[in-house]
Amino acid sequence: MKKTILAGNWKMNKTIEESIAFGKCITNSLKEGGPLVIIFPPFTSISYLNEVLKGSGILLGAQNMHYEENGAFTGEISPSMLKDAGASYVLIGHSERRHIFGEDDELLSLKMQTAIKDGLVPVLCVGETLYERKNNLTESVISRQLTIGLSLVKDTENFVIAYEPVWAIGTGINATPDEAEEVHNNIRQTLGKMYGENVASNISILYGGSVKPDNIESLAKMDDIDGALVGGASLECETFLLLLEKLKSAKML
Ligand code: PGA
């Protein structure tokens, strides 16, 4: 069964103290049931949050990882280290990793493979730039990102896809529900061709890019949108709780 997920990507924000304060706020206010909540804090906060969130059902993820287990890779962190710190999910190929740090599809396919091998659930992020959208390249770009990014992943393995149009990230301009649904539907069809329709129908596909309390409901009402990956609006506990309530009501959970 595909899961409804609310994921918060904190990017390079929050000290350990600020992370703990958020963790306490959210565990105190969280109600039973509803979407799966996953927080992606900076590496430095993962093990601290792991203590605070124990027993709450909220899971932790990392924003990046290296594709090797260990070795001479100064500054890098391996999937087993992330697991050790308390992460069970990991973002792979977030648009900022692709565009600022030059990560390409082949590299991301290795990261997907190692993440799964080491027991993390990877969230493969895909999305087109504004130039690509304007030139009708959205479908081909995303199809390439999926085909290469998932080339080493088998149909029995557990992963999540996040569609994040680059032009919508941090800009305040979200894709409309129809625009997002069209891409989500194409993503599911591509996954169907790769893994069979049955498997594809059970993969959660999240939308990300300027998700806010006033647009999450209309986005999440679309059939192929299984939740949201939220950046800016995930940093304040109250706003995040509001997003959670609205996602819950959109999906009638
Ligand atoms: P945003 O970021 O919600 O601030 O647009 C989303 C993301 O980058 O995951």
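Read-outs: derived from the displayed coordinates by stated rules, not from any lab. The model shown is predicted, which means the values in this text are computed figures rather than measured ones. Positions of Cβ are backbone-derived with ideal geometry, glycine not excepted, and every protein chain shown enters the neighbour counts.
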How high is the relative contact order of region 65-195, in percent, with contacts defined as C-alpha pairs under 8 Å that are six or more residues apart?
23
Where does each of 125-131, 225-231, 196-202 land if you order them by average Cβ count within 10 Å, highest first?
225-231, 125-131, 196-202
Taking the Kirkwood radius as the inverse of the mean 1/r across Cα pairs, report the Rg/Rh of region 204-253.
0.92
How do 96, 18 line up, fewest other C-beta atoms within 10 Å first?
18, 96
Please get the size of the charge dipole for the chain, origin at its Cα centre, with Cβ charges of +1 on Lys and Arg and -1 on Asp and Glu, quoted in debye to the nearest 20.
380
Going by how many other beta carbons lie within 10 Å of each one, how would you line up 191, 6, fewest first?
191, 6
Over the alpha-carbon set of the chain, divide Rg by the Kirkwood Rh and report the Rg/Rh ratio to two decimals.
0.94
Taking a straight Cα-to-Cα line shorter than 27 Å from residue 134, and setting aside same-chain lysines fewer than 8 residues away, one finds 193, 212, 221
Overall dimensions of region 63-111 as given by Cα atoms, namely Rg and Dmax in Å:
10.8, 29
To make sure I understand, if each residue's beta carbon is the centre and we count other beta carbons within 10 Å, what order do 193, 83, 31 fall in, fewest to most?
31, 193, 83
